[in-house]
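To start, the structure under review is shown below, and the notes come after it.
Read-outs: derived from the displayed coordinates by stated rules, not from any lab. Being a predicted model, the structure only gives us computed values, none of them experimental. Cβ placement follows ideal geometry from the backbone for every residue including glycine, while neighbour counts extend to all protein chains displayed.
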Amino acid sequence: MSRDWNLIAKGIAPEIPQPELDNAVGVLQALESQFAPLRQSLPHETEPAVIFPSFHAPEKPA
Amino acid sequence: MNLQETAKALRKGSVSALELVTDSVRRIAALDPKLKAFITVTAEMAQNQARQADQDLANGKDRGPLHGIPVAVKDVFCTQGIRTTCGSKLFADYVPEYDAAVVERLKSAGAVIVGKTNMHELAYGVTSTNPHFGTVRNPWNLDRITGGSSGGSGSAVAAGIVPMAMGSDTGGSIRIPASFCGTVGLKPSFGRVSRYGVLPLDFSLDHMGPLTQCVRDAALTLNAIAGFDLRDETSSRRPVEAYLPPEPVAIQGLRIGLPENFYFDRVSTSVADSVRRAARLAEEAGAIVVPVSVPDVAQLNTIGRLILLSEASATMDHYLNRREDFGADVRALLDQGRLIPATDYINAQRVRRMLLQEFQSIWKHVDCLFTPTTPTSAPRIGQSTIDLGGPEDVRIASTRLTRGINVLGWPALSLPCGFDEEGLPLGLQIIGPSFQEALIMRVGAALETALNLTYRRPVL
């Protein structure tokens, strides 16, 4: 299912002027077409590469 | 003179730190009206520091190879009492009250900062065509871009204004200007050099490193700036190594991977020929060149772009109501990032984990990789596309061979490996496994000797 970038843009502020939004939509559609197969192939249990550190007191440097 | 030669001359007494700084400042005055490599020049402060450096040396207090050497830092590094603009109108009057970790370490190593270098606005682009502080020009041809975003650092080093200038690299921003300007550029492993005090673009892709005239100078700089920093949560506790390659340097038996896919697709003939020649020279020096098939780099680039768009827009969220204060290209990228759903960002980070595991398999077969740094030499200022079998946006093309390495966090070194038919420099990228900076420096130093190109400097 492809995204409706124009609809997403209606939900953000400050708004993006239409000519600039048109340019953004073109770029994002192309990026989405490359990303969608990767997203769909993700195993359910895969965690992000960037994870938040636990909030322990930091160790002192060695 | 490069950094190492200058350090030797200082200790022999044939030149003083004050003379070096004065000469550097004089070159800025003479060349910068053309090059636009600097945003701020700190002449008086630098001359005072140089006097102190001379006095310290005379008193036997030697801080090491950077002692008394004039250097520059990209205007993304916070400098106490010196304005730090990030190449942006937003920060045009920002004067930090503290130094970035890199600046602290350079100062403690005795380096003398002569100025803050110009850059692509907010480090978010590869042309260094800055609408607020001027277009940085390439010393090899003033009608060409320097690359970016560390374009001022590339220009200043190539023009011989300073032997070392610091840069930052989120998708190639050290290596691309190094390639286009004919300098060495080192992007260390993620976590090797502290990001503390650097105005962030993308917290999971930003890396800090030097641009220099030769590989050994980059190694000496890394010796000074690498190491754990409690103030940067991504800083590694892994011990630092001695990065300066031995003399003579040996690479016998090292396995150098030459990719059979992706990296030589859609690159200019002169670029491909120069990198392959470098591989042959490595072979003559005793290395084993191994053809390798690499996993899908285009996938790395896709998620690299997605992560960058998302994180950069989040970082700049506070300023997005000041649309007119951004250049058009940066504003467009920030708009794109604002529209990306959080689910896509998280999923890109999940794909990143999968690709990290997949790409790690390369190191079962080889010790490092040789690739071109950029697909072409420096494009013209104002050029919007590169045509290598079809038009491709300059930004996308210029980062095509570098961006993925930021996603992986691996170290990568760019060094000059030839010149094209127009006399413009070309870059070889040496990529290694995480925290193998010493290895890629060794290979780079061996290649630099074999290629024998460091004597060629631009005429200005």
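Name the residues whose placed amide hydrogens come within less than 5 Å of the amide hydrogen of B:A287, ignoring near sequence neighbours (fewer than 5 apart) on the same chain.
Amide H neighbours of B:A287, under 5 Å, 5+ apart: B:G253.
Take B:S384 and A:A13, extend 7 Å from each Cα along the Cα→Cβ direction, and tell me the distance between the two endpoints in nm.
For the pair B:S384/A:A13, the computed spacing is 3.3 nm.
So what does the Cα-only Debye profile of the protein assembly as shown read at q = 0.05, 0.06, 0.08, 0.11 Å⁻¹, as log10 I(q)/I(0), no solvent term?
-0.18, -0.26, -0.46, -0.90
Work out from phi, with θ = phi - 60° and the Karplus expression 6.51 cos²θ - 1.76 cosθ + 1.60, the ³J(HN,Hα) of each residue of the range B:227-241, listed in order in whole Hz, and give x for Gly and Pro.
Each residue's phi maps through the Karplus curve to give x, 5, 9, 4, 7, 10, 5, 9, 5, 8, 8, 4, x, 6, 10 Hz.
Below 8 Å between Cα atoms, with a sequence gap of 6+, how large is the relative contact order for chain B in percent? Don't jump to the answer; show the numbers that get you there.
Details: 1097 pairs, mean separation 77.5, N = 460.
Computed over chain B, the figure is 17 percent.
Looking at the square roots a ≥ b ≥ c of the eigenvalues of the Cα gyration tensor of chain B, which shape do they give, rounded for a/c under 1.5, prolate if a/b is larger than b/c, or oblate? The partial results should precede the final answer.
Working: a/c = 1.40, a/b = 1.11, b/c = 1.26.
Because its axes are fairly even, with a/c under 1.5, chain B counts as rounded.
Given points 7 Å out from each Cα along the Cα-Cβ axis, report the B:D62 to B:A298 separation in nanometres with one decimal.
About 5.5 nm separates the two model spin labels.
Amide H neighbours of B:L428 under 5 Å, counting only residues 5+ apart in sequence or on other chains, H built in-plane at 1.01 Å?
Counting only residues 5 or more places away or on other chains, the set is B:T373, B:L415, B:C417.
Restricting to DSSP loop positions (anything but H, G, I, E, B) with no more than 15 other Cβ atoms inside 10 Å of their own Cβ, which GluC sites (Glu not before Pro) remain in the range B:369-458?
Values: sites: B:E392, B:E421, B:E422, B:E437, B:E448; in loops: B:E421, B:E422.
Passing sites in the range B:369-458 are B:E421, B:E422.
Out of all DSSP beta bridges with both ends in the protein assembly as shown, state the antiparallel percent to the nearest 5. Walk me through the intermediate numbers first.
Details: 35 of 50 bridges.
Antiparallel bridges: around 70 percent, rounded to the nearest 5.
So for the range B:1-143: antiparallel DSSP bridges make up what percent, rounded to the nearest 5?
Values: 7 of 12 bridges.
Antiparallel: roughly 60 percent of the beta bridges in the range B:1-143.
How much length would be gained if the chain were fully extended between B:L356 and B:T269, taking 0.36 nm per residue of separation minus their Cα-Cα distance, in nm to one decimal?
Working: separation 87, 0.36 × 87 = 31.32 nm, distance 3.06 nm.
Gain on stretching B:L356 to B:T269: 28.3 nm.
So which trypsin sites (Lys or Arg not before Pro) in the range B:224-257 end up in coil per DSSP with only 16 or fewer other C-beta atoms within 10 Å?
Numbers: sites: B:R231, B:R237, B:R255; in loops: B:R231, B:R237.
Of the trypsin sites (Lys or Arg not before Pro), the ones in loops of the range B:224-257 whose Cβ has at most 16 other Cβ atoms within 10 Å are B:R231, B:R237.
Can you compute the FRET efficiency between A:S41 and B:D317 using 1/(1 + (r/R0)^6), with r the Cβ-Cβ distance and R0 = 35 Å? Round to the nearest 0.05.
Values: r = 31 Å, r/R0 = 0.87.
With R0 = 35 Å, the Cβ-Cβ based efficiency is 0.70.
For a quick check: with amide H placed at 1.01 Å from N, whose amide H comes under 5 Å from B:I39's, ignoring anything fewer than 5 positions away on the same chain?
Amide H to amide H, under 5 Å and 5 or more residues apart or across chains, B:I39 pairs with B:K116, B:T117, B:N118.
Please compute the net charge surrounding B:D169, taking Lys and Arg as +1 and Asp and Glu as -1 over other residues with Cβ under 13 Å from its Cβ. Display every interim value, and only then the final one.
Values: positive: B:K74, B:R175, B:K187, B:R192, B:R195, B:R403; negative: B:D202, B:D206.
Residues close to B:D169 contribute a combined charge of +4.
Applying the Karplus parametrisation 6.51 cos²θ - 1.76 cosθ + 1.60 with θ = phi - 60° to the phi angles of the range B:48-62, what ³J(HN,Hα) value in whole Hz is obtained for each residue in order, glycine and proline being reported as x?
Here the 3J(HN,Hα) series is 5, 5, 5, 4, 5, 4, 5, 5, 4, 4, 4, 8, x, 9, 10 Hz.
Could you check the spin-label model distance between B:E324 and A:Q29? Points 7 Å from the Cα along Cα→Cβ, value in nm.
Each label point is offset 7 Å from its Cα along the Cβ direction, giving 3.2 nm.
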